[in-house]
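Structure first, commentary second.
The values are calculated or read from the model by the stated rules, or taken from the named source; none is laboratory data. Everything numeric in this text was worked out from a predicted model, so none of it was measured. Cβ placement follows ideal geometry from the backbone for every residue including glycine, while neighbour counts extend to all protein chains displayed. Remember, those area values only see protein heavy atoms, side chains included, never the ligands or the DNA or RNA. Shrake-Rupley method; radii C 1.70, N 1.55, O 1.52, S 1.80 Å.
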Amino acid sequence: FHDLVRTHATSTAARDDAEPARRAALTRLLDHYRHTASMAMDAAYPYDRDGRPRGSPAGTPTLELPDPARATAWLDTELPNLLAVARHAAEHGWPEHAWHLPATLHRHLRTRGRYRDAETLHRQALTTGDPLGELYAVVGLGDIHRLQGRYEQATNHFERALAIARSTGNRAGELQPLRGLGEIHRRAGQHERATDHFGRALAIARSAGNRTGELDTLFGIGTVHLLQGRYELAADHYEQTLEIARSTGNPTGVLSALGGLGAIHRLQGRYEQAIDHYEQALTIARTTGYRLGELNALRGLGTIHRLQGRYEHATDHYEQALTIARTTGHRAGELSALRGLGTIHRLHGRYE
């Protein structure tokens, strides 16, 4: 609509339609977006279905979204509307829609690096008073804060989510908080605590048949082994991750496993194999629009080129990684890229 047409339509609806009729129309709109978003996410990210809430069918006509490409295109095109609808639901008394939409869209917002939008929606969802909605919102906030390097806030959210899941008897709901805490302990160098949390999360994932949860925790355990120099054990866990990712059609899991295996090859001096794995990961990340995966692959390639003395290539990759990190607010990625660029300047004698 042109602005004037929209203003006229709004004033006419307020004048001619009773409040219950207007609310019923908005409810149909919210139902339509909630249902279609769920359909689109199931088509675009089928491997992550167990991590999303299920909703009732809408009473309005629905779109045909038969494949991931169509579904992803719809999500990208409609994202401004989806964000606006979620905000409106939170601000005007549709509590179920207010938490359901952010929980449904979380994976897509993460993939596209829309961390700030995700944080805003999850914070609004906390006001709905729904225990399940609160659990999804707190886990989502923990996940976003972890990705942004805000580990204290992330820890608080994951511990709160764990308490909610346990108090409501939702054992499956313990999976993501446990995994999140494992990731934070891993980054803090608390390897034993990280392994303990990952192990408990892995047991829950396997008992629930949650293959994506199993994949994520196996990758986490593999990374702990990598940091401890246990390369054979790390490689075994990454290979298991890769097998699950490929069997479930999970491109995010595939590129994570490839990145892990690339890191092992790099640390053991097998640079060509490392480059091959990182380049495969980069291709997948760019094809799927997964910004964090792209950032990690670029960092890995930058480090390999630096170690081989290809400083121009290394600089290019680090600068691309730095741009993504700053655009998405990924502080750990920014740190790594800056450190890589600083090392190259030092090697060139550009000390200032």
Query raised in the report: How about region 232-310: which helices (runs of 4 or more DSSP H) wholly inside it have at least 2 residues that are touching a residue at least 60 places away in the same chain (Cβ under 8 Å) and not acidic (D, E)?
Result: 251-267, 291-307
Query raised in the report: When you scan region 317-352, how many residues do you find that are outside any loop (DSSP other than H, G, I, E, B), touching a residue at least 12 places away in the same chain (Cβ under 8 Å) and not hydroxyl-bearing (S, T, Y)?
Result: 18
Report task. Name, by its number, the condition in (1) free of Cβ contacts under 8 Å to residues at least 24 places away in the same chain; (2) closer than 19 Å to T288 by Cα; (3) not aliphatic (A, V, I, L, M) that does not hold for P68. Result -> (1)
Query raised in the report: How do the pairs read when you match residues in region 20-47 that are on the phi > 0 side of the Ramachandran plot with residues anywhere that are in a helix (DSSP H, G or I) and open to solvent by less than 40 Å² (accessible area, probe 1.4 Å), using Cβ under 8 Å and keeping only pairs 6 or more apart or on different chains?
Result: none
**Report entry** Residue that is buried (at least 17 other Cβ atoms within 10 Å of the Cβ), in a helix (DSSP H, G or I), at pLDDT 95 or above and among the small types (G, A, S), where the choices are A103, A43
**Finding:** A103
**Report entry** Residue check, A314 assigned to a helix (DSSP H, G or I) and either within 23 Å of R146 (Cβ to Cβ) or open to solvent by 20 Å² or more (accessible area, probe 1.4 Å) (or both)
**Finding:** no
Query raised in the report: Given the structure, is L338 touching a His at 6+ places or on another chain (Cβ under 8 Å), farther than 30 Å from W74 by Cα and of a type outside the set (S, T, Y)?
Result: no
Report task. Identify the single condition in (1) surrounded by fewer than 17 Cβ atoms within 10 Å (Cβ to Cβ); (2) over 30 Å from D42 (Cα atoms) that E239 does not satisfy, given that it satisfies every other one. Result -> (2)
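Here is a yes/no grid of residues against (1) open to solvent by less than 50 Å² (accessible area, probe 1.4 Å); (2) in a helix (DSSP H, G or I):
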residue: A125; (1), (2): yes, yes
residue: G149; (1), (2): yes, no
residue: T155; (1), (2): yes, yes
residue: R160; (1), (2): no, yes
residue: E174; (1), (2): yes, yes
residue: G180; (1), (2): yes, yes
residue: A194; (1), (2): yes, yes
Query - Answer from G189, G113 - the residue that is open to solvent by less than 40 Å² (accessible area, probe 1.4 Å) and on the phi > 0 side of the Ramachandran plot - result: G113
Query raised in the report: A14 fails exactly one of the following numbered conditions: (1) assigned to a helix (DSSP H, G or I); (2) loosely packed, with under 10 Cβ neighbours inside 10 Å. What is the number of that condition?
Result: (2)
Query raised in the report: Where residues in region 271-296 are of a type in the set (G, A, S) and more than 19 Å from R114 (Cα to Cα), which of them is farthest from the chain's Cα centre (by Cα)?
Result: A274
Requested in this report: Could you tell me whether R200 is over 25 Å from E159 (Cβ atoms) and surrounded by fewer than 22 Cβ atoms within 10 Å (Cβ to Cβ)?
Outcome: no
